[in-house]
């Protein structure tokens, strides 16, 4: 994995490709194509330096991102800039809002923990 003390000279952004009208993924421009066909189909990689992208996106990390993304139930975005990593998941809903009282406090708490765990698992 990546050292917590690593500083990236070039930013690397990874985002899910936009969803088409029929729910499929549109092919959008990417700066880097990986050897992982499933990862390349699902994610767009934007960077000014492909070497930095390949340093971050090891085969193991790409598989890990794919497996965690299945849990996300939304579109994943990651950005590696300087000493920071930014992670966002767009689920299209307010993750911290109970849906019309249909969910009890315990179930809401578990759902929030699960969504936060997705982000912390990537960081770990």
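The values are calculated or read from the model by the stated rules, or taken from the named source; none is laboratory data. These numbers come from a predicted model, not from an experiment. Cβ coordinates were reconstructed from backbone atoms using ideal geometry, including for glycine residues, and neighbour counts include every protein chain displayed.
Here are some notes:
- Residue within region 61-73 that is more than 22 Å from residue 120 (Cβ to Cβ), touching a strand residue (DSSP E or B) at 6+ places or on another chain (Cβ under 9 Å) and surrounded by 15 or more Cβ atoms within 10 Å (Cβ to Cβ) present: no
- Extreme residue, nearest to the chain's Cα centre (by Cα), among residues of region 98-113 that are at pLDDT below 70 and loosely packed, with under 13 Cβ neighbours inside 10 Å: 99
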